[in-house]
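In what follows, a single structure is set out as structure tokens and then discussed.
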Amino acid sequence: MKAIDISSFFIQKGVSPLKLQKLLYYSQLWFYVKNDKKLFNDKIQAWIYGPVVYDVWSSFKYMKRSSIIPTNRAKDLNLDISILNHLNDVWSAYGHLSGSDLVDLTHDDLPWKNSRKGLLNSQPSDKEVVIDNDTVVDFSLDSHNKIPFVNIQNSLGHYSNF
């Protein structure tokens with residue numbers, strides 16, 4: 001499966017290009033936590049403002065980061081029910097957050113931090129964000145085997161200028 005296919009699920013929900021990138025990252029990360037394998041084959045890169053799937057970025061690079069992607073850009077997908085349930089779980093946990101909230105959140109995550117080691121905060125990079133057993137140690141499902149709801153309190157967002 002490709003990340004651009006997964007993107008359609010979130011585009012139908014109404015997301016900006018920035019928010020889409022972070023939701024793809026969390027979809028991949030949590031799918032790995034649940035299933036010990038990747039949801040999609042695309043490489044996730046460690047860009048300055050968090051994880052990015054290049055092919056998806058290039059599809060929407062003409063848009064402002066905070067503009068909502070038109071829903072007619074979503075493809076009709078026939079997703080397996082387990083993948084659909086997973087994406088709904090990701091949306092329930094993260095969908096209420098803004099793109100800038102998600103940028104801040106990803107900057108605290110071990111997969112992104114490890115991939116940015118040795119780089120300046122403002123230094124571009126195409127290093128891969130590695131999602132494996134070593135980098136997902138801080139992530140665990142709740143008692144109902146769901147992704148925990150993320151609550152950001154009193155956050156103005158370090159990157160809230162988007």
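Read the figures in this text as sums done on the coordinates, not as results from a lab. Just so it is clear, the model here is predicted, and its values are computed rather than measured. Don't worry about glycine lacking a Cβ; one is built from the backbone with ideal geometry, like all the others, and counts go over all protein chains shown.
At-a-glance table
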{"item": "Which labelled figure in (1) 24; (2) 28; (3) 11 is percent of Cα pairs over 29 Å apart, once derived from the coordinates", "result": "(3)"}
{"item": "Nearest-20 debye value, the chain charge dipole, Cβ charges on Lys, Arg, Asp, Glu", "result": "480"}
{"item": "Residues with amide H under 5 Å from that of V15, placed H, sequence gap 5 or more", "result": "I69"}
{"item": "The chain, relative contact order [Cα under 8 Å, separation at least 6], %", "result": "31"}
{"item": "Helix-only [θ]222 nm of the chain, DSSP H runs n ≥ 4, -39500 (n - 2.57) each, per residue, nearest 500", "result": "-12500 deg cm²/dmol"}
{"item": "Global form of segment 66-110, assessed from the alpha-carbon gyration tensor, a/c cut-off 1.5", "result": "oblate"}
{"item": "Computed label-point distance, nm, for sites K117 and S58 using a 7 Å Cα→Cβ extension", "result": "3.0"}
{"item": "Extension gain, D76 back to D142 (0.36 nm per residue minus Cα-Cα distance, nm)", "result": "20.7 nm"}
{"item": "Greater than 24 Å apart at Cα, pairs in K13/K113; K38/K75; K37/K146; K2/K22", "result": "K13/K113"}
{"item": "Sorted peptide list for 58-68, 3-13, 141-151, 87-97, criterion being average Cβ within 10 angstrom, highest first", "result": "3-13, 87-97, 58-68, 141-151"}
{"item": "Between segment 100-136 and segment 61-96, the alpha-carbon center distance in angstrom", "result": "22"}
{"item": "5 angstrom amide H check on K127, placed H, neighbours 5+ away", "result": "A46"}
{"item": "3J(HN,Hα) from dihedral phi, segment 134-142, Karplus parametrisation 6.51/-1.76/1.60, rounded to Hz, x for glycine, proline", "result": "6, 8, 9, 4, 7, 10, 9, 6, 6"}
